[in-house]
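Every number here is computed from the coordinates shown, using simple stated rules; none is lab data. In this text the structure is predicted, and so the values were computed from the model without any measurement. Ideal geometry is used to build each Cβ from the backbone, glycine not excepted, and the neighbour counts take in all protein chains shown.
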Amino acid sequence: MKDAPLLSHRIGYLLKQAQGRLSAELGEALAPFRLHPRELAVLAVIHASGEQPSQMELAEWICLDRTSMVGAIDSLERNGYVERRRSDQDRRRNVITLTPEGERCLAEAEQARERVERSFLAPLDPQAAAALVDALATLHRAHGAGPATHPGCPG
């Protein structure tokens, strides 16, 4: 596909095109695990939290709206990767935990994600790839963690 000359130096256009391509490649790589990239992010956040997060906490951390989070958790639960249950600390609270199958899936799917990201960044030399990731992380921190339209996320 050829870019329109007017758009080929616009940051928004370039970021959108790059994100769309990366998302498509991740989708293909995660298909054998019956996962979408967003669902892999949910698994990774649950695992890294070291807590028993609720759906609402996960939605805030990932900056997803409630409906999208419910859909992601429903899908993960259908696949046997997570379970909803009562909190050990507060029986009034429902939490999401990884199942042993979810832990295994997360480990394997993360390897697939890393391969896709390495391949995606391959046109850049290692220093340029690291600089890109650092620059994007800086922009992420500076401009907020999520979409401006999500009430719990600055931006």
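Below is a table of values for the structure above.
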| item | result |
| --- | --- |
| Using alpha-carbon coordinates, inclination of helix 37-49 to the longest axis of the chain, degrees | 60 |
| Computed FRET value (nearest 0.05) for Arg10 with Ser119, which takes r as the C-beta separation and R₀ as 35 Å | 0.90 |
| Footprinting exposure proxy for Leu106, Leu98 (fewest neighbouring C-beta atoms within 10 Å first) | Leu98, Leu106 |
| Net lengthening on full extension, His143/Ala18 (0.36 nm per residue, minus Cα-Cα) | 43.1 nm |
| Calculated FRET value between Arg104 and Ala135, using beta carbons and R₀ = 25 Å, to 0.05 | 0.15 |
| Principal axis box of the chain, alpha-carbon based, largest edge first, Å | 58, 34, 27 |
